[in-house]
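Undergrad: Please find one structure pasted underneath; my questions will follow.
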Amino acid sequence: MKWIRVRWTHDHPDEPIWLLSELDSKRMEVRKIEVFRNGSKGYADSTIEMVGTRLGEGPVPNLSDIAEGPQFQVEEISHEEFETAWGRRAIPDEPE
């Protein structure tokens, strides 16, 4: 398994700005989290799709291929970092 985080810089209010994915050995998404500019989060796995987030239908490109797009910043993250994010996916932000 591999875990990646992608920062997507754009001006589309209805599209996520962060994407975190857990990938299997064929680079297919197993779990995915999307974080939107307003702080809302969507997520998906093989049994659930929340806030319109879906797993990709094909393999995720190599990190170097993703990084060719100037709007993307991509990095591999640890399993622990992904699990922490996955654990927080449905927890609302603390009130100020």
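Just so it is clear, none of the values below were taken in a lab; they were calculated from the coordinates. Keep in mind it's a predicted model, so treat the numbers as computed, not measured. Quick reminder, even Gly has a Cβ in these numbers, built from the backbone with ideal geometry, and neighbours come from all protein chains shown.
Undergrad: Once the cut-off is 15 Å, how many percent of the Cα-Cα pairs in region 1-48 end up in the long-distance tail?
TA: Value for region 1-48: 46 percent of Cα pairs lie more than 15 Å apart.
Undergrad: Mind giving me the nanometre distance, one decimal, between the label points for residue 80 and residue 18, set 7 Å out from Cα along Cα→Cβ?
TA: Here the modelled spin labels are 1.8 nm apart.
Undergrad: Related question: How much mean residue ellipticity at 222 nm does the chain get from its helices, if each DSSP H run of length 4 or more adds -39500 (n - 2.57) and you divide by all residues, to the nearest 500 deg cm²/dmol?
TA: It lands at -4000 deg cm²/dmol.
Undergrad: Now for a different question. Dividing the Cα radius of gyration by the Kirkwood radius, what Rg/Rh value follows for the chain?
TA: With Rg and the Kirkwood Rh in hand, the quotient comes to 0.95.
Undergrad: OK, next. Please go through region 1-78 and write out the trypsin sites (Lys or Arg not before Pro) that DSSP classes as loop and that have at most 14 other C-beta atoms within 10 Å.
TA: Listed in order of number, the matching sites are 26, 37, 54.
Undergrad: Taking the simple approach of a point 7 Å from Cα along Cα-to-Cβ for both residue 64 and residue 30, what is their distance in nm?
TA: Between residue 64 and residue 30, the simple spin-label model gives 2.5 nm.
Undergrad: Pop a pseudo-label 7 angstrom from the Cα along the beta-carbon direction at both residue 73 and residue 88 and give the gap in nm to one decimal.
TA: Result: 1.7 nm between the two label points.
Undergrad: Using a Förster distance of 22 angstrom, determine the FRET efficiency expected from the C-beta separation of residue 2 and residue 54, and round it to 0.05.
TA: 0.70
Undergrad: Which GluC sites (Glu not before Pro) from region 1-87 combine a DSSP loop assignment with at most 16 other Cβ atoms within 10 Å?
TA: 57, 68
Undergrad: Given contacts defined as C-alpha pairs under 8 Å and at least six residues apart, what's the relative contact order of the chain, whole-number percent?
TA: 29
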